Amino acid sequence: MSQDNAKTVYLKDYQPPAFSVESVELTFSLFEEQCQVRSNLHIKRQHPGQLVLNGGQHAEVLRVEVNGELLHESGYRVSGEDWVIEAVPDEATLTVLTQLQPQNNTTLEGLYKSSSMYCTQCEAEGFRQITLYPDRPDVMSVFTTRIEADKALYPVLLSNGNLVEQGELENGRHFAVWHDPFRKPSYLFALVAGDLQHIEDSFTTMSGRAVTLRLYTEARNISKTEFAMGALQRSMKWDEEAYGREYDLDLFNIVAVDDFNMGAMENKSLNIFNSSCVLARADTTTDAGFQRIEAIVAHEYFHNWSGNRVTCRDWFQLSLKEGFTVFRDSQFSSDMGSAAVKRIEDVTLLRTAQFAEDAGPTSHPVRPDNYMEISNFYTLTIYEKGAEVVRMIHTLLGAELFRQGSDLYFERFDGQAVTCDDFVRCMEEVSGRDLTQFMRWYTQAGTPRLQVTDEYDAATGTYYLDVRQSCPATPGQEQKLPFHIPLAVGLLYPDGTEHHLQGDSTLVLDVTEAEQRFMFKGITQRPIPSLLRGFSAPVKLDYPYSREELSFLMSHDTDGFNRWEAGQRLAMAILQEQIGAIQAGEELEVDPALIAAFERVLDDTDLDYAVAAKVLTLPSEAYLAENAQVIDVEAIHQARRRVRKVLADALCARFRERYHATEPDGVYAFHGSSIGQRALNNLCLGYLLATEREEALELVRQQYAEADNMTDSMGALAAVVHSPFTTVADELLEQFYGRWSEDALVVNQWLSLQASVAGEGTLAKVQSLLQHAAFDWRNPNKVRSVLGAYGQSSVGFHRADGAGYEFLADQVIHLDPMNPQLASRMVTPLTRWRRYPAARQAQMRAALERIAAQPLSKDVYEIVSKSLA
Ligand code: B3K
Ligand code: ZN
């Protein structure tokens, strides 16, 4: 790509817009060959400076008028995506006429076609693909949208707000006019036109307003809509109870579309969803799938306040809405299901994927200070670490003050576009706390490390915790200043009782210095510290725990999260010593402490099943990789496999006892206890098969044959696909495809399962899947299922011959001209090249250099150039 196109945008250069858009009227005339968009903008000067509109690179600009007068070439200057209009009166009406071909738009940004329907995706900068507009979040306007289309092909015409008019036109066409009374930035604009069916329900808000809720899909999917409707109602209720936030219009629409770059989009009153994140049915969707859908429906709904009513001043503040909204949806999910399991899952994602991002070449702060392509910044750091930052504020203030702070934030900034500082200032104001140092979480990248040691003085009954914090250098940030870290701790005595700290079992320490000592008095015996309870901060914590202490905490810690964490630490230590042994070519006995610990968990029938399944899951290969100095993919894979087999052989009878010890009652239901039962059953089945015994294979076959839900079908299928029983795996895979070939969302699960197998043969398999009738380059879900899953398949991808890297590079080069956003995501595994041994580094680098030598989109260019720098 030409590098001058990849301009870097800096936060320090932010200037408020010279003009506001008071209101805008849009008319979309949709035809099969082209669409015309007429836009009337009523603008008004707010600050000195020129009127800058964005766009013109994707849509053809047919005409621009200022107050009805044609704008001549001398009246404007075009620089890249910016149209600078020279002389404009302080108040004016601009008319812009553009023409586009949505049917050829494979970027899935702006206006495009997905199967037979038109839809839009405007965040972050897609609106400029439709028309010329000040396409920035701090320009908020009132939108009126008229859509005209063929009535037979597109009977349903939707946009934001309320339907104010509809009617017939000549030639079998019809129109609808939508008006959204809430001022919003252009990124929240949406339009849908298609032959859709819908289900309808309602919700009465706390002030008694009846809201109509509709969920639209193509006819073939209508049987999969009910669950999301319920999830929406639960979200609406929860936001009223937990945050006092009420919905503000009479209508809320959700539309499912098949071709979508992300999970979903929170357009005002017209949320558009990737079908995979909204459509669900017991026979086609796993429990994890249901949970994900519930969380995403909630997330998009919660954006109505955290994002839409109060929006971001500029894209550097993206985490203002995303971090806060992820925090809100995680609170919601904790309330709907098991809080302990939700926390374990969030932390697992953060520590495997976000920590890896934070340690790589694209590491950036929660509030970045520069970007080339904003689409590349919809990252785990902005979302998940951003949510952790909000969570830390919640921990520091406590639930009550946090709620006061959020009330103040929503009231003070309603209808405005604001910054992360505005949010934190509200929290400071209500609590009287000084969060100045805390703001470093927004500006400094990298994962802080806490090194904790302790000392006990029996004579005075004093216990000391010594905490040292540091943070590794990240691109552009060599030196870091100390963070303000809430460190939640508890102290346990060897008899299992807990020392009460200031009347509570958990105390939150404010770690603010590079080195800090905390003193606890009245400690009668040397305690075992339970540190970073609930994972109170997104850090890596070291403390020299002995294996006995970890086993003790696994059984006695009163903090559910830390009980799990102790098990993970124990397993990590044992896996790491196995990795070392494999690298040294030695055989080492798997520490019986782990077997004993697993046995205790299996014997503890009172333990929540879902939690038990988490405790009995070994740290993933990805997490082991993240924690390795140099990633030895083979050794990690072998070590984990070996430890799993040793556990399976040693505890085979226990796993057999617990497998189906409690049958979920009756037919499938998506609710807490039966989800836990299925999770534990499938975990046991996996271990049983790891023994590689024929009896286990029979159980798998039986479960597969009898399953009445996708969790159990997939549980059995995945177990066998990841086992050495390849003939049976192939047989069941074929059966599965035969049964589900018509259901794209199920086929995606089938694709990704095969692409994630850790084996020599996976590359050839993936190559054949790209040729399979079920594959489609234009559908991001398919691409993610095959290429995305393959890139994470450890030994399947990181082959000694480098062929996995070559292959991925070829696919990224192929995909980039079609869909830059997606291509840029697919390149991620290659960007981590510095973490691998020299030979693999050279191969990965070569693959990246080959990509870099191509003409590239801004998206891929930014990622590739940063990783090679
Ligand atoms: N805000 C959207 C993401 C838009 C992505 C643009 N490339 C979904 C969400 O976070 O809710
Ligand atoms: Zn979001």
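The values are calculated or read from the model by the stated rules, or taken from the named source; none is laboratory data. Just so you know, these numbers come straight off a predicted model, no measurement behind them. FYI the Cβ positions are ideal-geometry reconstructions off the backbone, even for glycines, and counts take in every protein chain you see. Only protein heavy atoms, including side chains, enter the accessible area calculation; ligands, DNA and RNA are left aside. Shrake-Rupley method; radii C 1.70, N 1.55, O 1.52, S 1.80 Å.
So how much slack lies between E33 and T512, counting 0.36 nm per residue of separation and subtracting their Cα-Cα distance, in nm?
166.3 nm
Just the number, please: Stokes-Einstein D of the range 709-843 in µm²/s, Kirkwood Rh from C-alpha pairs, 10 °C, 1.306 mPa s.
In µm²/s, the coefficient is 103.
Quote to one decimal, in nm, the extra length available between D504 and Q46 on full extension: 0.36 nm per residue of separation minus the C-alpha distance between them.
159.5 nm
Please work out the FRET efficiency for the pair D495 and E695, using the Cβ-Cβ distance as r and a Förster radius of 41 Å; give the result to the nearest 0.05.
0.45
What ranking, highest mean first, results for peptides 69-79, 585-595, 333-343 when packing means the other Cβ atoms within 10 Å averaged over each residue?
333-343, 585-595, 69-79
Using alpha carbon centroids, what distance separates the range 321-340 and the range 526-587, in Å?
Each part's Cα centre sits 26 Å from the other's.
Could you list, in their original order, any pairs among K614/K645; K480/K521; K44/K184; K7/K268 whose Cα atoms are separated by more than 28 Å?
K480/K521; K7/K268
Any idea of the accessible area per residue across the chain, 1.4 Å probe, to the nearest Å²?
Here the per-residue accessible area is 38 Å².
Kirkwood Rh and Cα-based Rg: tell me the resulting Rg over Rh for the range 616-746, rounded to two decimals.
For the range 616-746, the value is 0.99.
Quote the FRET efficiency, to the nearest 0.05, computed for K151 versus E429 with a Förster distance R0 of 45 Å and r equal to the Cβ-Cβ distance.
Calculated transfer efficiency: 0.25.
Compute the length gained on full extension between S768 and E849: take 0.36 nm times their separation in residues and subtract their Cα-Cα distance, giving the result in nm to one decimal.
26.6 nm
Take the range 625-684, compute every pairwise Cα distance, and split them into 10 Å bins from 0; I just need the percent in each bin.
Pairs per bin, as whole percents: 20, 31, 26, 20, 4.
Modelling each spin label as a point 7 Å along the Cα-to-Cβ direction, I'd like the T204/L62 distance in nm, to one decimal.
4.9 nm
Which percent of Cα-Cα pairs in the range 41-165 sits in each 10 Å bin, short to long?
11, 39, 34, 14, 2
When you take every Cα atom in the range 202-352, what is the radius of gyration, and what is Dmax, the widest Cα pair distance, in Å?
15.0, 44
At a 1.4 Å probe radius, carbon and sulfur cover how many percent of the accessible area of the range 1-158?
Carbon plus sulfur share of accessible area: 45 percent.
Per 5 Å bin, what is the whole-percent P(r) computed from every C-alpha pair distance within the range 135-225?
With a bin width of 5 Å, the distribution comes to 3, 12, 17, 18, 20, 17, 10, 3, 0, 0.
For a 31 Å ceiling on Cα separation, which of these pairs sit above it: K321/K782; K237/K321; K151/K224?
From K321/K782; K237/K321; K151/K224, over 31 Å: none.
For the range 657-723, which whole-number percentage of the solvent-accessible area (1.4 Å probe, protein heavy atoms only) is attributable to carbon and sulfur atoms?
51 percent
Given H placed on each backbone N at 1.01 Å, which residues far from K151 in sequence or on other chains put an amide H within less than 5 Å of it?
For K151, the qualifying residues are R173, H174.
Based on the alpha-carbon gyration tensor of the range 275-392, what equivalent-ellipsoid semi-axes (square roots of 5 times the eigenvalues) come out, in whole Å, largest first?
Working from the Cα gyration tensor, I get semi-axes of 25, 17, 14 Å.
Let me check against my output: what whole-number percent is the relative contact order of the chain, with C-alpha pairs under 8 Å and at least 6 apart?
Contact order relative to length: 9 percent.
Using only the alpha-carbon atoms, what does the range 57-125 span along each of its principal axes? Please give whole angstrom values in decreasing order.
Per principal axis, max minus min of the Cα coordinates gives 43, 23, 19 Å.
In the range 261-336, carbon and sulfur make up what percent of the accessible area (probe 1.4 Å)?
50 percent
Check which residues have an amide H placed less than 5 Å from T284's amide H, if you skip close sequence neighbours.
Amide H to amide H, under 5 Å and 5 or more residues apart or across chains, T284 pairs with M710.
Need one number: the % of Cα-Cα pairs in the range 733-779 sitting beyond the 15 Å mark.
That tail contains 42 percent of the Cα-Cα pairs.
Between E400 and R220, take the C-beta separation as r, use R0 = 51 Å, and let me know the FRET efficiency to the nearest 0.05.
Working from the Cβ atoms, E equals 0.60.
What per residue convex hull volume, in Å³, comes out for the range 93-133 when only alpha-carbon positions are used?
71 Å³
Return the Cα extents of the chain along principal axes one, two and three, sorted largest first, each rounded to a whole Å.
For the chain, the Cα extents along the three principal axes come out at 86, 65, 59 Å.
Can you give the relative contact order of the range 198-321 as a percent, counting alpha carbon pairs under 8 Å and 6+ residues apart?
For the range 198-321, the relative contact order is 23 percent.
If each of Q451 and E731 carries a label point 7 Å out from its Cα toward its Cβ, how far apart are those two points in nm?
For Q451 paired with E731, the spin-label model returns 5.7 nm.
Would you please state the base-10 log of I(q)/I(0) at q = 0.23 1/Å for the range 720-798, with intensities from the Debye formula using one equal scatterer on every alpha carbon?
So the normalised log intensities are -1.11.
Provide D195, D859 ordered by accessible surface of protein heavy atoms (probe 1.4 Å), highest first.
D195, D859
With only alpha-carbon atoms counted, please give the Rg and Dmax of the range 377-449, in Å.
Calculated on Cα positions, Rg and Dmax stand at 12.5, 39 Å.
Scattering from the C-alpha atoms of the range 785-834 alone, worked out with Debye: what is log10 I(q)/I(0) at q = 0.16, 0.31 1/Å?
Scattering profile of the range 785-834, log10 relative to I(0): -0.40, -1.31.
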